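Take a look at the structure below.
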């Protein structure tokens with residue numbers, strides 16, 4: 001069992017992430033103020049000290065702790081750490097994302113005592129403390145002696161009672177209201193300075209600093225306390241899920257995976273590290289990668305194969321090296337799973353005896369990203385990429401670029417205009433691309449890198465649905481009068497002959513995701529969609545099943561018998577339906593003179609199920625027989 005200690009935004013996200021597993025877990029908060037819906041989670045209220053936490057973990061067989069409490073909940077962090085060590089339970093810390101402490105406008109304080117000293121030293125006489133009701137007692141020496149302090153607290157009885165117990169003057173209390181702009185409060189009180197806690201981006205820290213800066217108000221900020229060394233830190237929902245999958249593999253029925261873009265970014269970062277590892281430090285087994293949503297994950301990289309070396313390219317000497325990541329798609333049906341995603345990083349330099357300064361420094365690094373072996377080339381419009389360029393979408397391209405820059409900054413490499421050439425390759429990519437949608441999308445010679453989140457959640461089949469969306473976008477770009485969707489190659493062969501005048505890109509495979517495909521068509525405002533369906537999926541769709549995968553739904557013989565009965569079929573036909581194994585047998589079971597009536601009724605049921613998903617477009621449904629005959 002898993003125990004989350006929350007009460008914060010991070011706690012809420014942790015709950016949502018664990019709810020995806022469909023299994024029970026505990027969610028504990030100190031008070032009862034947080035309103036959070038729980039389906040599989042079990043709510044606990046009331047603080048736990050060290051002994052209470054240990055006893056609870058023993059009694060409930062807790063095998064994983066998730067600390068998603070406030071950054072300044074030092075006692076709770078300490079209790080979690082000690083219980084983790086004593087009971088040998090892994091402890092995950094869901095940490096916030098924090099801006100850099102490089103803002104000269106902020107006076108940083110180590111703790112509350114340090115803040116009091118610095119505020120006195122600056123001779124601040126009017127202070128607005130945005131540090132919460134718990135800090136009133138910690139700043140007592142300040143507001144009782146030399147400074148008029150305003151405290152903004154939550155508008156609830158428990159906060160007022162705590163302030164009253166500290167004998168704090170009620171007239172100097174300000175109440176927080178959701179959506180309130182800090183500028184209004186600062187403009188009304190005219191403080192000389194504000195005091196903040198380093199609460200991170202989710203705590204609104206940057207916005208508070210910016211509001212004070214605009215009004216010319218001094219900012220003091222208390223640094224967040226350090227976390228225990230035994231915490232396993234995550235910074236978002238994806239990294240949290242992957243950490244849970246690592247330490248409790250049985251919790252999620254299916255495991256998440258990494259997109260090709262994330263693997264490419266990690267390989268590029270590893271190659272950059274290798275290139276500048278002049279001191280010969282041991283190479284890490286994992287490298288940190290920042291996903292498009294800002295959270296960090298650690299990605300395992302392959303063993304070092306090529307040490308940095310020189311080469312000659314386009315009349316330039318290059319210093320280059322290469323690294324790779326083995327693609328881990330989790331339980332998603334990804335054709336690239338297990339393949340090597342490689343990144344070559346090269347920088348040009350001159351080999352001469354000149355004493356002249358060759359380096360030209362700039363404001364940023366010059367990162368050039370290209371596709372190599374196994375990465376396809378774009379040959380058709382509609383993908384949002386320039387024709388003739390590598391099939392690397394803007395989001396993964398930006399992720400690779402940003403992570404390379406972050407690595408260079410961590411290594412203290414100066415910013416100069418000399419380019420860093422990053423070439424992504426996938427050995428074997430050209431061959432496996434033939435078994436993907438890429439040829440029909442106009443991507444030739446390899447795979448495409450199209451991920452948007454950096455993580456693949458297998459239960460939503462995001463990889464497949466993402467490919468459907470791209471196919472629909474390309475189809476729309478052709479200007480075709482109708483987009484024709486079918487389940488796969490067999491049905492498409494027959495339906496292409498029926499619509500011989502349409503361009504090849506007008507035909508899109510939906511697999512089993514009929515509902516998702518029609519929703520995408522509606523989002524793209526497609527005026528006309530033709531749905532081709534064979535008998536096996538038609539009998540499921542007609543009953544209202546928009547996902548026709550055999551793992552999700554099987555044919556209902558009672559339903560099929562009812563359709564046959566209403567089509568005028570006799571009892572012997574109904575008996576044969578009861579005995580059949582596959583839906584395609586219906587083409588032989590239904591009498592020839594009843595086939596037209598049966599097909600029309602089946603199509604009408606399919607239309608009733610599908611039409612609401614395309615409210616602003618015209619939908620045509622075609623039923624395709626095993627021999628290729630089409631019924632409308």
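Quick look at the numbers
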quantity	calculated
Answer from 220, 205, 231 - the residue that is touching a strand residue (DSSP E or B) at 6+ places or on another chain (Cβ under 7 Å) and over 30 Å from residue 400 (Cβ atoms)	220
In segment 239-292, the residues that are within 16 Å of the chain's Cα centre (by Cα), closer than 29 Å to residue 346 by Cα and part of a loop (DSSP other than H, G, I, E, B)	259, 291, 292
Test set (1) assigned to a helix (DSSP H, G or I); (2) free of Cβ contacts under 8 Å to residues at least 60 places away in the same chain; (3) in contact with a helix residue (DSSP H, G or I) (Cβ under 8 Å, 6 or more places away or on another chain) - residue 80 fails condition number	(2)
Which numbered condition residue 73 misses (of (1) touching a helix residue (DSSP H, G or I) at 6+ places or on another chain (Cβ under 9 Å); (2) modelled with pLDDT of 90 or more; (3) crowded, with 17+ Cβ neighbours inside 10 Å)	(1)
Matching option when the condition is over 19 Å from the mean Cα position of the chain (by Cα), in contact (Cβ under 8 Å) with a residue 12 or more places away in the chain and on the phi > 0 side of the Ramachandran plot, among 428, 479, 454	428
Looking only at segment 184-222, and only at residues there that are in a loop (DSSP other than H, G, I, E, B) and surrounded by fewer than 17 Cβ atoms within 10 Å (Cβ to Cβ), the one that is farthest from the chain's Cα centre (by Cα)	190
Residues (within 12 Å of residue 602 (Cβ to Cβ) and surrounded by fewer than 22 Cβ atoms within 10 Å (Cβ to Cβ)) located in segment 556-574	559, 562, 566, 567
Hits in segment 416-433 - residues which are buried (at least 16 other Cβ atoms within 10 Å of the Cβ) and out of contact with any strand residue (DSSP E or B) (no Cβ under 7 Å at 6 or more places or on another chain)	430
Hits in segment 463-497 (condition: at pLDDT 90 or above and part of a helix (DSSP H, G or I))	494, 495, 496, 497
Set 308, 292: member being touching a helix residue (DSSP H, G or I) at 6+ places or on another chain (Cβ under 6 Å) and at pLDDT below 90	308
Qualifying residues in segment 371-415 (those that are surrounded by fewer than 14 Cβ atoms within 10 Å (Cβ to Cβ) and within 22 Å of residue 272 (Cβ to Cβ)) - the one farthest from the chain's Cα centre (by Cα)	414
Selection within segment 60-77 - in contact with a strand residue (DSSP E or B) (Cβ under 8 Å, 6 or more places away or on another chain) and part of a helix (DSSP H, G or I)	76, 77
Those residues of segment 80-100 which are surrounded by 14 or more Cβ atoms within 10 Å (Cβ to Cβ) and more than 14 Å from residue 61 (Cα to Cα), in sequence order	80, 81, 82, 91, 92, 93, 94, 95, 96, 97, 98
Some residue of segment 442-456 being in contact with a strand residue (DSSP E or B) (Cβ under 8 Å, 6 or more places away or on another chain), surrounded by fewer than 20 Cβ atoms within 10 Å (Cβ to Cβ) and not assigned by TED's automatic domain parsing to the domain that holds residue 557	yes
Residue in segment 163-177 that is over 37 Å from the mean Cα position of the chain (by Cα), assigned by TED's automatic domain parsing to the domain that holds residue 142 and in contact (Cβ under 8 Å) with a residue 60 or more places away in the chain present	no
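Residue-by-condition table, conditions (1) surrounded by 16 or more Cβ atoms within 10 Å (Cβ to Cβ); (2) farther than 21 Å from residue 553 by Cβ; (3) within 46 Å of the chain's Cα centre (by Cα):
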| position | (1), (2), (3) |
| --- | --- |
| 576 | yes, yes, no |
| 586 | yes, no, yes |
| 592 | no, yes, no |
| 597 | yes, yes, no |
| 605 | yes, no, yes |
| 614 | yes, yes, yes |
| 617 | yes, yes, yes |
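The values are calculated or read from the model by the stated rules, or taken from the named source; none is laboratory data. Worth saying up front: this structure is predicted, and the values here are computed from it rather than measured. Note that each Cβ is placed from the backbone with ideal geometry, even for glycine, and that neighbours are counted across all protein chains shown.
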